[in-house]
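**Q** Below: one structure in structure tokens.
The values are calculated or read from the model by the stated rules, or taken from the named source; none is laboratory data. Everything numeric in this text was worked out from a predicted model, so none of it was measured. Positions of Cβ are generated from backbone atoms using ideal geometry, with glycine treated the same way; all protein chains shown enter the neighbour counts. Surface areas here come from the heavy atoms of the whole protein model, side chains and all, with no ligands, DNA or RNA. Shrake-Rupley method; radii C 1.70, N 1.55, O 1.52, S 1.80 Å.
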Amino acid sequence: MTLRSILLLSTTVAGLAAAPAFAQEAQTTELGEVVVTGSQVRQAPPYAGGQVATGGRVGMFGSQDVMDTPFAVTSYTERLARDQQARSVGDVLQNDPAVRVTKGFGNFQELYVIRGFPVYSDDMTWNGLYGILPRQFVASEFIERVEVFHGATAFLNGAAPGGSGVGGAFNLTPKRASDTPLNRLTLGWDGGDALYAAGDFSRRFGADKAWGARLNVAARDGESTVDGENRELQVLGLGLDRRGDRARFSADLGWQNHHIDAPRPTVTPLGAIPTPPSADGNFAQPWTYTDEEQLFGVARGEFDLTDDVTVWAAFGGRSGKEDNVLANPSAAPDGALSAYRFDNVREDAVWSGDIGVRADLTTGPVGHRLVASASQVQLKSANAYAFSSFAGFPSNLYNPVDVAPPVPNFFVGGDLSDPLTTERSITSSIAIADQLSFLDGRLLATVGARYQEVETRSYDYNTGAPLSSYEGDAVTPAFAVVYKPSDRISIYANYAEALIPGKIAPATVNADIPGDTPDLGVTPVPVANQGEALDPFRGEQIEAGVKYDGGGFGASLNAFRITLPNESFDPVTRIYSAGGEQRNQGVEFAVYGEPVEGLRLLGGLTLMDAEVTRSITPALSGKAAIGVPEVQANLNVEWDVAAVSGLTLEGRAIYTGSQPVSADNTVELDSWTRFDAGVRYEFEAGERPLTLRARVENLTDEDQWVAAGGYPGANYLTLGAPRTLRVSISTDF
């Protein structure tokens, strides 16, 4: 029996074995509890149509209604992810017009770009804590909400420890047991010959159903719609919670094991962009792979000392292992490829905590919500790497050539079988804020500041000896105002800052070296000050917008401007240092909800202007930033067919405008459009409810490059997925 068969069978058997204990008539699983504004544990209920929520987590202020929040916030629901058969956080974020999904630098997994700046998976918060989530990829089976916070968040959440999150932040909330018991089994075909199985079970018990438990198990295995690319994924998630009048508590444990053989890599262009190859083709070397296993968990509780004073505390951790054998090629305009082998391993141990107090009081006609919090994230990371000769080996984008694995002994750092600790960091902060309420709550003003300390240490890959360190601090203030002239309109403005911990100079940087022959193009260059930690970067944001809530249909419009200093590399001295600055500004428009019964809309438009305002190379100042499109647009439409009970049709369009690929803007990636379509049918068979779902992504089977870069300053290309059909059947019993 194959591993795939064992995994899928074990998942199904686990669900069937649980059936006697969980048997009941089928019910829905929407959360029934009402959100407590400011709660660190409870969350906002769904909005009309069920695809987004009425609010989301606003950092230290906890859960807040969208109309009371002085920032742009969208919270996507588990229902949306399930109906779209989402496999990951990235699939859910494909619905957001301000977000684009690409791949990370030096790996094959997901990276998210919001307002033109990246957010890494481990820089997303898990139930409010940084550093807990798996690196590179987060399976959708864990998630009740994907909360998208647009803009700088150093004041609200603290600095993201991984060094991203300038353009926004993502908070993922775990699934919770609702008042209605749930047993759900799902079996599916995931495109290619990949199969999928999942079980989702929950119960509430005890007096007044105060205690809840929810278990999620899932497995995916098989060749994807990309030739020769085989994926294996196993997921286990367990969530416990207690809800009471004064005490509320939750604890979540997750395990994720993800392996990909022959994953299709990104491509770095050498000059002009080559014509995209077939979307289902694979130019990966068959011996490449990526493997990551992550164990993570978090516990959070809050207690009402009085009717007006609440304290909270949270603590979590992650233990992660990664092992990669890569060969990401460079491509000439005619499709000729050159690649070298790059092996790396990584082991992470992360601890994260957060405590705080919230107090409501009134002084005359002014209401106050005073909040104080303290947080800390500690990271210990062990790493090792090994390169084969940078002379590389040839292949072709359109007619790939398989080569024997080259020996990775040309440039080596550490022991791949026993990596040493190469990085330690501690990010600590203390924040205090006051949310003032005037005019019976129609005017809200927020003022606050967060004091942050960042400590980083780097160590030699081969000896473990200290290389460099940095200890610094900064205060990041925030000011925001909300005015609600009516129950349906909310006008807001804010000033906020982003803080990026000092980056550590890497072992190599891909750069053009003066004097190289033209055919060498971009090459990996050893960094002279490898291991040196740079000072933190501080970004600044101003934003203003308006929101509309019609009860069943909502919309928002805002304008923003973000400036951020960044690192640069001098190819002559080969020194990695600070010295650049990027400014992203733009306008965002979003719509959501159910304007008429049975018709749901979700989408919007983002217009951006990203400029390198300061560069170590004077000729590049004033140029557009790599990988930031001027236009991004999304629209998802769902229609319940009145003539056929239980039948729903869905269509989605995603448009991304042209984007610079070279720093001098002489090379540009064409705009692209993707169309998706889906259908689901809910019915009963043998008195058991069933839901059939079928969804086609990239309906027209376009061959297209969909992203340039993602990692700051990099310009690698990501090829879009081919036409992919996913089919599933699920039953609640």
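**Q** If I compute Rg/Rh (Cα atoms, Kirkwood Rh) from the structure I just sent, which labelled value in (1) 1.04; (2) 1.15; (3) 0.95 lines up?
**A** Identified label for the calculated read-out: (3).
**Q** Could you give the distance between the Cα centres of the range 540-556 and the range 694-733, to the whole Å?
**A** Between the Cα centres of the range 540-556 and the range 694-733 lies a distance of 29 Å.
**Q** Solvent-accessible area per residue for the chain at a 1.4 Å probe radius, Å²?
**A** Details: 27630 Å² over 733 residues.
Per-residue accessible area for the chain comes out at 38 Å².
**Q** So, by mean Cβ neighbours within 10 angstrom, what's the order for 242-251, 714-723 with the highest one leading? Present the calculation step by step, with values, prior to reporting the outcome.
**A** Details: 242-251: 16.2, 714-723: 20.8.
Going by the mean number of other Cβ atoms within 10 Å, highest first, we get 714-723, 242-251.
**Q** Determine the shape class of the range 114-224: with a ≥ b ≥ c the square roots of the Cα gyration tensor eigenvalues, call it rounded for a/c under 1.5, and otherwise prolate if a/b is greater than b/c, oblate otherwise.
**A** On the way: a/c = 3.01, a/b = 1.29, b/c = 2.34.
It comes out oblate by the Cα gyration axes.
**Q** What ranking of Ile260, Ile491 comes out by heavy-atom accessible area, probe 1.4 Å, highest first?
**A** Descending accessible area places them as Ile491, Ile260.
**Q** What residues qualify as long-range amide H neighbours of Val509, i.e. H under 5 Å apart, gap of 5 or more or another chain, H built at 1.01 Å from N?
**A** Excluding prolines and chain starts, which carry no amide H, the hits are Val525, Val527.
**Q** Another one. Listed highest first by mean packing, meaning other Cβ atoms within 10 Å per residue, what order do 458-469, 88-99, 532-543, 357-368 come in?
**A** On the way: 458-469: 15.8, 88-99: 23.4, 532-543: 20.9, 357-368: 13.2.
Final packing ranking: 88-99, 532-543, 458-469, 357-368.
**Q** Only loop residues by DSSP count here, and only those with at most 16 other Cβ atoms within 10 Å; note down the chymotrypsin sites (Phe, Trp or Tyr not before Pro) in the range 395-450 that meet that. Intermediate values should be presented prior to the final figure.
**A** Numbers: sites: Tyr398, Phe410, Phe411, Phe438; in loops: Tyr398, Phe410.
Within the range 395-450, the qualifying chymotrypsin sites (Phe, Trp or Tyr not before Pro) (loop, at most 16 other Cβ atoms within 10 Å) are Tyr398, Phe410.
**Q** Oh, and also: Quick check: the distance between the Cα centres of the range 376-432 and the range 220-246, to the nearest angstrom?
**A** Using only Cα atoms, the two centres lie 26 Å from each other.
**Q** Once both labels are modelled 7 Å past Cα along the beta-carbon direction, what's the Val631-Val412 spacing in nm?
**A** 5.3 nm
**Q** Further question on the same structure: So how strong a dipole does the chain carry about its Cα centre when Lys and Arg Cβ are +1 and Asp and Glu Cβ are -1, to the nearest 20 debye?
**A** On the way: 56 positive and 90 negative charges, 220 e Å.
Using Cβ point charges on Lys, Arg, Asp and Glu, the chain gives about 1060 debye.
**Q** Also, quick follow-up: Apply the a/c threshold of 1.5 to the C-alpha gyration tensor of the range 623-733 and tell me whether it is rounded, prolate or oblate. Present the calculation step by step, with values, prior to reporting the outcome.
**A** Details: a/c = 3.70, a/b = 2.95, b/c = 1.25.
Prolate is the answer for the range 623-733, as a/c is 1.5 or above and a/b outweighs b/c.
**Q** Find which of Ala465, Gly413, Thr606 sits farthest along the positive direction of the dipole of the chain, computed with +1 on the beta-carbon of Lys and Arg, -1 on that of Asp and Glu, about the Cα centre.
**A** In the chain, that residue is Thr606.
**Q** Sticking with this structure for a sec: Which of rounded, prolate or oblate describes the range 546-650 when judged by the alpha-carbon gyration tensor and an a/c cut-off of 1.5?
**A** Details: a/c = 4.81, a/b = 2.96, b/c = 1.62.
Prolate.
**Q** Still on this model: Using the Karplus curve 6.51 cos²θ - 1.76 cosθ + 1.60 with θ = phi - 60°, work out ³J(HN,Hα) for each residue of the range 95-102 in order, rounded to whole Hz, and write x for Gly and Pro.
**A** Rounded to whole hertz, the list is 7, 9, x, 8, 10, 10, 10, 9.
**Q** Convert each backbone phi in the range 433-447 into a coupling constant with the Karplus relation 6.51 cos²θ - 1.76 cosθ + 1.60 (shift: θ = phi - 60°), then list the ³J(HN,Hα) values in order as whole Hz, x for Gly and Pro.
**A** My calculation for the range 433-447 gives 7, 10, 9, 9, 10, 10, 6, 6, x, 7, 10, 10, 10, 10, 9 Hz in order.
**Q** With θ set to phi - 60°, apply the Karplus curve 6.51 cos²θ - 1.76 cosθ + 1.60 along the range 177-185 and write out the HN-Hα couplings as whole Hz, x wherever there is a Gly or Pro.
**A** Going residue by residue, I get 6, 8, 5, 8, x, 9, 10, 9, 10 Hz, with x marking Gly and Pro.
**Q** Something else about it: Could you sort the peptides 323-334, 152-163 by per-residue average Cβ neighbour count (10 Å cutoff), highest mean leading?
**A** Values: 323-334: 19.6, 152-163: 27.2.
Descending mean neighbour count gives 152-163, 323-334.
**Q** A further question follows. Which far-off residues, 5 or more places away or on another chain, put their amide H under 5 Å from the one on Leu420, with H placed in the peptide plane?
**A** Asn383, Asp415
**Q** For the chain, what is the mean residue ellipticity at 222 nm derived from helices alone (per DSSP H run of n ≥ 4: -39500 (n - 2.57); sum divided by total residues; nearest 500 deg cm²/dmol)? All intermediate terms of the calculation are to be shown ahead of the outcome.
**A** Details: 4 runs with 35 residues, N = 733.
Mean residue ellipticity at 222 nm (helix-derived): -1500 deg cm²/dmol.
**Q** For the chain, give the percent of accessible area contributed by carbon and sulfur heavy atoms, probe 1.4 Å, rounded to a whole number.
**A** Working: 16050 of 27630 Å².
Carbon and sulfur together cover 58 percent of it.
**Q** Further question: What are the residues whose amide H is under 5 Å from the amide H of Lys623, where those residues sit 5 or more places off or on another chain and H is modelled from the backbone?
**A** Amide H neighbours of Lys623: Val612.
**Q** Which entries of Lys103/Lys321; Lys175/Lys209; Lys547/Lys623; Lys103/Lys503 show an alpha-carbon separation above 23 angstrom in the structure shown?
**A** Numbers: Lys103/Lys321 19 Å; Lys175/Lys209 17 Å; Lys547/Lys623 33 Å; Lys103/Lys503 20 Å.
Listed pairs above 23 Å: Lys547/Lys623.
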